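Q: Sharing a structure here in structure tokens format.
The values are calculated or read from the model by the stated rules, or taken from the named source; none is laboratory data. Given the structure is predicted, the values throughout are model-derived calculations rather than measurements. With ideal geometry, Cβ positions are generated from the backbone for all residues, glycine too; neighbour counts draw on all protein chains shown. In case anyone asks, the SASA skips ligands and DNA or RNA and just uses the protein heavy atoms, side chains included. Shrake-Rupley method; radii C 1.70, N 1.55, O 1.52, S 1.80 Å.
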Amino acid sequence: MSQKTLSVSGLLGLLLALFSPSVFAAVGSINLTTSTVGYTALAVFTIAYLLVMGEEKLHLRKSKPVLVAAGIIWMMIGWVYVQGGMAHESEQAFRHTLLEFAELMLFLLVAMTYINALEERRLFDALRAWMVQKGFNYRTLFWLTGLLSFFISPIADNLTTALLMCAVVTKMAPDDNRFINLCCVNIVIAANAGGAFSPFGDITTLMVWQAGIVQFQEFFSLFLPALVNYGIPALVMSFFVEDRKPAAVYEEVELKRGALRIMALFLLTIATAVCCHIFLHLPPVAGMMMGLGYLQFFGYFLRRTLPGSLARKRALAEQAGDEAALRRLGSVVPFDVFNRVARAEWDTLLFFYGVVMCVGGLGFMGYLSLMSDVLYNGAGPTFANVTLGLASALIDNIPVMFAVLTMEPEMSHGQWLLITLTAGTGGSLLSIGSAAGVALMGQARGAYTFFGHLKWMPVIALGYIASILVHLWLNVESFSLFG
């Protein structure tokens, strides 16, 4: 999430245009769209989201305002339905929305735990050190960081991937702000595009997969459109990269014990989640939670075998007279899975809860059904999906995608793939349009800036449009109607 800049009236207009009838929390029996309670709920959500937009300036974590807003909205709903003698209906609506969030939250929690475990075992540090030691020239580094971002983000996630590649660039060219900015723009586009063709690349694709709308293997039909989305702006920007070579930097990184085996367990966990969903028709979270058990058992193995491993390494270090290795061995901390769980992005998870519950509450009040025909039945699904992708550059793609899923408009399978593509890549248009962009503005502060990204927006938009056209052409058989 990021700092956004929209007026109150503009945000209200977008909310009314985007949100439609809910499948997660059905429209309630009492229409509150023209009531004081309904207007108050809209105002509460708008204020909360404006506070989220000002996160970077206010230094207020984005989860706080939406958590309070969600509570206020559902308390107002509960009060109205208690007065009307229908308390059970509002209770069931809340529980149903909460269940949808819980499945996604637990899935994300396991994925974040594995990523944190791999980071703690220094797998990402080793990859960064290898790239730094190679001493690539600027143009090779530009393409390598971009392509790695594109292919790693579908497995990890776009934020982790972007941070890793940005660390490589700033290490290689610490004083070249122009090159760092160019590479960061390239990395953001690549990470967002790579995340669009995998259920694990972004929260929005995960939401679509868990909803059962797009099957696991069907995401890969977006591979070529996503590659075009990244490739066109990258090709244009590459002509502005200087053909020179930075000084090689030597950095030695030793993988901690079990790093590669944890990576294998992560892949096994993903396979378990996919098999649960495809073959057993269970929610993917069942396989992911089982995968957390894999990691816990392996963590137990690492702790039990640590003393013997340290003794062998200490004997080798003493024999070689390696004082540095002996010091490192003296500071080894046993692997603890629950430390990795604690380091998950809890602010993001709680923000996700707040947004889902707020949108679900507004849908239950009737606001989402009020504008159900504005985009999809009025302008048509193609126009609507492209427009929503552009909106995700200003409004975070989580509420945008949740709105579409709650709407569940009548449209072809190709259109569902289209909104998956546009919501995932539309945020690349602005540096504040995705979590990856916001994170890199902090990591490469002073080098990668909003305006440094903005000047490349025309070529990024060209890639965005081209990827949509490629999807419409390549996957034409999946379209039964066009907007």
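Q: Would you check if Lys256 is open to solvent by 60 Å² or more (accessible area, probe 1.4 Å), at pLDDT below 90 and in contact with an Asp or Glu (Cβ under 8 Å, 6 or more places away or on another chain)?
A: yes
Q: For Tyr250, all conditions in the list (1) of a type in the set (Ser, Thr, Tyr); (2) open to solvent by less than 10 Å² (accessible area, probe 1.4 Å); (3) assigned to a loop (DSSP other than H, G, I, E, B) hold save one; what is the number of the exception?
A: (2)
Q: Taking helices (runs of 4 or more DSSP H) that fall entirely within segment 365-436, which contain at least 3 residues that are within 27 Å of Glu477 (Cα to Cα) and open to solvent by less than 20 Å² (accessible area, probe 1.4 Å)?
A: Helices (runs of 4 or more DSSP H) meeting the threshold: 381-391, 397-407, 413-425.
Q: Looking at Phe101, Phe94, Phe107, Phe124, which is the one that is closer than 25 Å to Val208 by Cβ, open to solvent by 30 Å² or more (accessible area, probe 1.4 Å) and touching a residue at least 24 places away in the same chain (Cβ under 8 Å)?
A: Phe94
Q: Inspect segment 173-193 for any residue being closer than 23 Å to Val285 by Cα and either touching a strand residue (DSSP E or B) at 6+ places or on another chain (Cβ under 9 Å) or free of Cβ contacts under 8 Å to residues at least 60 places away in the same chain (or both) and give the result as yes or no.
A: Checking segment 173-193: not a single residue is closer than 23 Å to Val285 by Cα and either touching a strand residue (DSSP E or B) at 6+ places or on another chain (Cβ under 9 Å) or free of Cβ contacts under 8 Å to residues at least 60 places away in the same chain (or both).
Q: Only one of these conditions is not met by Asp157: (1) out of contact with any helix residue (DSSP H, G or I) (no Cβ under 6 Å at 6 or more places or on another chain); (2) surrounded by fewer than 24 Cβ atoms within 10 Å (Cβ to Cβ). Which number is it?
A: In the conditions (1) out of contact with any helix residue (DSSP H, G or I) (no Cβ under 6 Å at 6 or more places or on another chain); (2) surrounded by fewer than 24 Cβ atoms within 10 Å (Cβ to Cβ), Asp157 misses (2) alone.
Q: Here are Ala117, Ala129: which of them is within 30 Å of Leu67 (Cα to Cα), out of contact with any strand residue (DSSP E or B) (no Cβ under 6 Å at 6 or more places or on another chain) and open to solvent by less than 10 Å² (accessible area, probe 1.4 Å)?
A: Ala117
Q: Being farther than 15 Å from Thr422 by Cα and open to solvent by less than 10 Å² (accessible area, probe 1.4 Å) is the filter here, so list the residues in segment 189-213 that pass it.
A: Trp209 - this is the single residue of segment 189-213 that is farther than 15 Å from Thr422 by Cα and open to solvent by less than 10 Å² (accessible area, probe 1.4 Å).
Q: Still on this structure, I have one more. Any idea which residue in segment 136-150 is most open to solvent (accessible area, probe 1.4 Å), counting only those that are farther than 14 Å from Leu182 by Cα and not hydrophobic (A, V, I, L, M, F, W, C)?
A: Per the stated criteria, the residue is Asn137.
Q: Search segment 222-246 for residues that are under 19 Å from Thr420 (Cα atoms) and pair each with any residue that is among the aromatic types (Phe, Trp, Tyr) and open to solvent by less than 50 Å² (accessible area, probe 1.4 Å) when their beta-carbon atoms are under 6 Å apart and the residues are at least 6 apart or on different chains.
A: Leu222/Phe197; Phe223/Phe197; Ala226/Phe197; Tyr230/Phe150
Q: Is there any pair with a first residue in segment 40-69 that is under 20 Å from Gly433 (Cα atoms) and polar (S, T, N, Q) and a second that is modelled with pLDDT under 80 and surrounded by fewer than 18 Cβ atoms within 10 Å (Cβ to Cβ) whose Cβ atoms are under 8 Å apart and which are 6 or more apart or on different chains, and what are they?
A: Thr46/Val8; Thr46/Leu12
Q: Just the residues that are surrounded by fewer than 24 Cβ atoms within 10 Å (Cβ to Cβ) and closer than 13 Å to Arg445 by Cα, please, taken from segment 160-181.
A: Once the filter is applied, which keeps residues that are surrounded by fewer than 24 Cβ atoms within 10 Å (Cβ to Cβ) and closer than 13 Å to Arg445 by Cα, segment 160-181 yields Leu163, Ala167, Thr170, Pro174, Asp175, Asp176, Asn177, Arg178, Ile180, Asn181.
Q: Which ranges mark the helices (runs of 4 or more DSSP H) fully within segment 1-84 that have 2 or more residues being modelled with pLDDT of 50 or more and within 20 Å of Asn397 (Cα to Cα)? Even if it seems obvious, please write down each step before you answer.
A: Numbers: elements: 8-18, 36-53, 55-58, 63-83.
Output list reads 36-53, 55-58, 63-83.
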